[in-house]
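What follows is a set of notes on a single structure, which appears directly below.
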Amino acid sequence: MIPQPETWLKKVSEIARGHGALLIADEVMTGFGRVGQASSLSPTSKKTRDRLEACPTLFASHHESVQPDFLCLAKGLTGGYLPMAATLTTQKVFDAFLGEYHEFKTFFHGHSYTGNQLGAAASLASLEILQSEKSIRARQKLETVLRGELKSLWQLPNVGDIRQAGLIAGIELVKDWRTREAFAPRERAGIRVCEAMARRGVLTRPVGM
């Protein structure tokens, strides 16, 4: 899990739009404030930084002023209390599926539990909390504490890299930090660390080992 370099998304979106392609942003994991506020990503433009600080965004793509054609959301939508997901799109895309019945332009997609009322209510309540001043301050404080605690892990010989974007962090495990030689999958290094963390009340996820 490697965070994209600053301005990367902006450039990619310009290339996609230049070729007439639609841009899809999958923010199931990164959405709803998980990548932090403007201060954590430190935009190079003072104008952009001031705007983000005045109105903190909840989505990673918006940190670079990128408005995708499709925005995929889930997980943080309800704060994890109920399963709920949504795919947002633009008016232009929506209008493309409008027409007379005989044209069959409708996007024939749906299932029995679409628009669940309880999930929608939980989502609205979660969004209200997320956008409150108290919640924004709490996330900023948690991000700062996490960054400080992660720094203490650099002294461990099996930590090859630490990558953080807001409240998302990835720790690369290696046999030796000097050579950054990876553990063999059969050694189950990531799983063993996660099991040890679980015994201490912390839930983590092994990816790739």
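Rundown of residues vs (1) aromatic (Phe, Trp, Tyr); (2) at negative phi; (3) in contact with a strand residue (DSSP E or B) (Cβ under 6 Å, 6 or more places away or on another chain); (4) at pLDDT 95 or above, yes/no style:
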{"position": "3", "(1), (2), (3), (4)": "no, yes, yes, no"}
{"position": "8", "(1), (2), (3), (4)": "yes, yes, no, no"}
{"position": "32", "(1), (2), (3), (4)": "yes, no, no, no"}
{"position": "37", "(1), (2), (3), (4)": "no, yes, no, no"}
{"position": "51", "(1), (2), (3), (4)": "no, yes, no, no"}
{"position": "63", "(1), (2), (3), (4)": "no, yes, no, no"}
{"position": "70", "(1), (2), (3), (4)": "yes, yes, yes, yes"}
Open item on the list: Can you pull out every residue in region 158-175 that is surrounded by fewer than 18 Cβ atoms within 10 Å (Cβ to Cβ) and not in a strand (DSSP E or B)?
Closed with: 158, 167
Task: Scan of region 176-199 for residues that are loosely packed, with under 11 Cβ neighbours inside 10 Å and modelled with pLDDT under 95, ordered by number - done: 176, 178, 179, 184, 186
Task: Residue in region 83-103 that is over 24 Å from residue 16 (Cβ atoms) and either in contact (Cβ under 8 Å) with a residue 24 or more places away in the chain or surrounded by 14 or more Cβ atoms within 10 Å (Cβ to Cβ) (or both) present - done: yes
Task: Residue within region 155-165 that is among the charged types (D, E, K, R), at pLDDT 90 or above and closer than 24 Å to residue 5 by Cα present - done: yes
Open item on the list: Condition (residue is exposed (fewer than 11 other Cβ atoms within 10 Å of the Cβ), within 29 Å of residue 33 (Cβ to Cβ) and of a type in the set (Val, Ile, Thr)) applied to region 110-119: is it met by at least one residue?
Closed with: yes
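The values are calculated or read from the model by the stated rules, or taken from the named source; none is laboratory data. Source: prediction; values computed, not measured. For neighbour counting, all protein chains shown are included, and Cβ atoms are generated from backbone atoms with ideal geometry for every residue, glycine included.
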